[in-house]
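We did not get these values from a lab; they are worked out from the coordinates using the rules stated. Just so we're clear, the structure is a prediction, and the values are computed from it rather than from any experiment. For neighbour counting, all protein chains shown are included, and Cβ atoms are generated from backbone atoms with ideal geometry for every residue, glycine included.
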Ligand SMILES: [Zn+2]
């Protein structure tokens with residue numbers, strides 16, 4: 001891929017993730033509106049900070065670096081082992097979101113074995129669709145098909161249907177009709193929506209990291225790991241501030257990570273970032289029991305915004321997405 005194409009692809013990704021780019025267009029307006037935001041502070045007896053950890057794209061995330069569809073089964077096992085060991089060390093009960101087609105790609109036996117390890121380690125599994133297709137490109141019927149087919153290996157391992165669904169790319173329906181129809185379908189099938197409140201662009205860092213590792217450039221790999229952790233800290237603090245702005249208190253967070261090599265190598269430190277900030281790890285049920293998660297879900301967008309931005313729209317709170325920090329350009333532009 002040429003540099004220009006890669007930059008363009010990244011810009012589109014950013015746009016999908018948060019309203020930063022959209023707000024740039026109306027930046028002046030946003031700054032003006034920002035002044036109207038009321039930031040409430042909790043009394044000294046504030047609740048303990050909480051975070052639920054979620055890991056997407058099980059059994060192994062697809063990356064730009066690997067040829068599409070081809071997966072390294074040994075690497076998938078190694079990544080999941082490292083992540084699960086770390087979750088156990090930090091006493092985290094996480095939820096892993098499964099792409100059923102990736103289970104097939106890894107190989108049925110190995111894929112199912114990885115999912116079993118997740119459950120045996122005290123974690124839950126959720127549905128992340130059959131093929132991780134972009135729902136903006138699908139009809140309502142095709143989306144329903146993706147949801148139902150996505151249950152196969154999870155139900156096999158859990159002995160029941162999954163409780164949570166997470167949309168691929170967090171594309172929850174790009175039109176009102178699609179958003180509402182799919183939300184109704186999920187409800188009727190007993191699903192809870194797995195929202196996420198912190199995104200640290202781990203896929204962008206992982207892509208650069210895989211290139212550095214392939215080149216045996218250990219110095220760059222180390223630098224990428226450090227930048228990743230620094231950026232993750234920045235994003236935790238940013239989204240904490242955002243959600244506080246929206247609700248007047250800090251609701252439990254749901255951290256979005258992916259099953260990739262970078263997280264396998266850094267997850268201990270990622271979890272430590274939360275511990276240093278006095279967060280308590282909770283499961284997804286506990287996090288979503290907070291009233292913030294009962295905020296009406298009527299807002300629709302073609303983008304994969306974090307829920308702080310969506311809740312701001314639902315509650316009519318003006319927030320300035322331009323305040324969100326971008327990952328370092330050298331990581332984004334890291335070339336082969
Ligand atoms: Zn995903």
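Taking the fewest neighbouring Cβ atoms within 10 Å as the starting point, the ordered list for 249, 239, 231 is 249, 231, 239.
First measure r as the distance between the Cβ atoms of residue 137 and residue 188, then evaluate 1/(1 + (r/R0)^6) with R0 = 30 Å and state the FRET efficiency to the nearest 0.05.
On the way: r = 23 Å, r/R0 = 0.78.
In this case the efficiency is close to 0.80.
Exposure proxy shown here: for 97, 293, 185, the number of other Cβ atoms within 10 Å sets the order, fewest to most, as 185, 293, 97. Taking 0.36 nm per residue of separation and subtracting the current Cα-Cα distance, fully stretching the chain between residue 314 and residue 234 would add 26.3 nm.
Counted residue by residue at 0.36 nm each, then reduced by the alpha carbon distance between them, the extension gain from residue 291 to residue 323 reaches 8.9 nm.
Measuring r between the beta carbons of residue 152 and residue 249 and using R0 = 56 Å, the FRET efficiency lands at 0.90.
Listing 218, 179, 253 from the residue with the fewest other Cβ atoms within 10 Å to the one with the most, what is the order? Could you put the intermediate results ahead of the total?
Working: 218 10, 179 20, 253 24.
So the residues, fewest neighbours to most, are 218, 179, 253.
The stretch between residue 74 and residue 88, if pulled fully straight at 0.36 nm per residue, gains 2.9 nm over its current Cα-Cα span.
Is the C-alpha gyration tensor of the range 124-278 telling us rounded, prolate or oblate? Criteria: a/c under 1.5 is rounded; beyond that, a/b larger than b/c is prolate, otherwise oblate.
Details: a/c = 2.04, a/b = 1.50, b/c = 1.36.
Judged from the Cα gyration tensor, the range 124-278 comes out prolate (a/c at least 1.5, a/b above b/c).
Given R0 = 45 Å, the distance between the Cβ atoms of residue 145 and residue 216 translates into a calculated FRET efficiency of 0.55.
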